[in-house]
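Enquirer: Input: one structure, supplied below.
The values are calculated or read from the model by the stated rules, or taken from the named source; none is laboratory data. Please read these numbers as outputs of a predicted model, since none were measured by experiment. In this analysis, Cβ positions are derived from the backbone assuming ideal geometry, glycine residues included, and neighbour counts consider all displayed protein chains. These accessible areas exclude ligands, DNA and RNA; they are computed on the full protein's heavy atoms, side chains included. Shrake-Rupley method; radii C 1.70, N 1.55, O 1.52, S 1.80 Å.
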Amino acid sequence: MHIHKFEKIWLIFGITTLLVFLSVIGVSAFYLGNQPPSCLATINPEKVDTTAPFDKPGLKKVEGKEWDYELVFVASAFAYNPGQVEVPKGAKVKVIATTKDVIHGFEVAGTNINMMLEPGFISEYVTTFDKAGEYLIVCNEYCGVGHHMMSSKIEVVE
Ligand code: CUA
């Protein structure tokens, strides 16, 4: 069977591309450890207020972990707790958040922090705030009549 030269080139190109992409995914997932955010951390949404660390929302200094602080948020219609928080500049922070009722969003405007908060699950993200300033947290999942009023603020201070 005769295969045209261009067709051969195209086939080789297609298969090579596939192999390159599969290798990139493989290296990224199994060597670099990049995994999609897990839904492994669960919580009883009715007992959020009495379950650690959500019984004390806000910023906490931690020792002996890969991050310096834990920043705990509880979302509920239509507010975040805390409504405002100060974070020292340059600190490595693990954001830990959940919701008490319906699905809410957790987007920190101007950063790449953007999580969905689902009832029964804990969303986590480790980040470093390198630039001082005010960062608005907004809900980007429609959650009801007060959706547009739902916000909080992270102040990164020197
Ligand atoms: Cu909470 Cu929209």
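Enquirer: How large a share of the accessible area of the chain, in percent, is made up of carbon and sulfur atoms when the probe is 1.4 Å and the other protein chains stay in place?
Expert: On the chain, the fraction of accessible area on carbon and sulfur atoms equals 60 percent.
Enquirer: May I ask you to list the GluC sites (Glu not before Pro) in region 1-72 that are in a DSSP loop and have at most 13 other Cβ atoms within 10 Å of their Cβ?
Expert: Answer by residue number: GLU63, GLU66.
Enquirer: Calculate, in nm to one decimal, what ASP68 and GLU124 gain on full extension: separation in residues at 0.36 nm each, minus their alpha carbon distance.
Expert: Using 0.36 nm per residue and subtracting the Cα-Cα distance, I get 18.7 nm.
Enquirer: Taking Cα pairs under 8 Å and at least six residues apart, what relative contact order does the chain come out at, in percent?
Expert: Computed value for the chain: 21 percent relative contact order.
Enquirer: If you don't mind, there's one more thing I want to ask. Given R₀ = 41 Å, FRET efficiency for VAL20-THR42 by Cβ-Cβ distance, to 0.05?
Expert: In this case the efficiency is close to 0.65.
Enquirer: Separate question: Of LYS100/LYS131; LYS60/LYS131; LYS47/LYS153; LYS47/LYS89, which sit over 23 Å apart, Cα to Cα?
Expert: LYS100/LYS131; LYS47/LYS153; LYS47/LYS89
Enquirer: In percent, what relative contact order does region 95-158 have, based on Cα pairs under 8 Å that are 6 or more apart in sequence?
Expert: Relative contact order of region 95-158: 33 percent.
Enquirer: Bin all alpha-carbon pair distances of the chain at 10 Å intervals from 0 and give each bin's fraction as a whole percent.
Expert: Once binned at 10 Å, the Cα pair distances of the chain give 10, 32, 27, 13, 8, 7, 3, 0.
Enquirer: Let me ask something else about it. Determine the relative contact order of region 1-83: mean sequence separation of Cα pairs under 8 Å and six or more apart, normalised by residue count, in whole percent.
Expert: For region 1-83, the relative contact order is 15 percent.
Enquirer: Please identify the trypsin sites (Lys or Arg not before Pro) of region 86-158 that satisfy two criteria: DSSP loop assignment and at most 14 other Cβ atoms within 10 Å. Which are they?
Expert: Sites meeting the loop and neighbour criteria: LYS89, LYS131.
Enquirer: Just to be sure I follow the definition: excluding the sites themselves, where is the longest run in the chain that has none of the chymotrypsin sites (Phe, Trp or Tyr not before Pro) in a DSSP loop with at most 15 other Cβ atoms within 10 Å?
Expert: 68-141
Enquirer: Note the angle between two axes, namely the Cα long axis of helix 5-26 and the longest principal axis of the Cα atoms of the chain, as a number of degrees from 0 to 90, rounded to the nearest 10.
Expert: Helix 5-26 sits roughly 30 degrees off the main axis of the chain.
Enquirer: Looking only at the chain, where both bridge partners belong to it, what percent of the DSSP beta bridges are antiparallel (to the nearest 5)?
Expert: The antiparallel fraction comes to roughly 70 percent.
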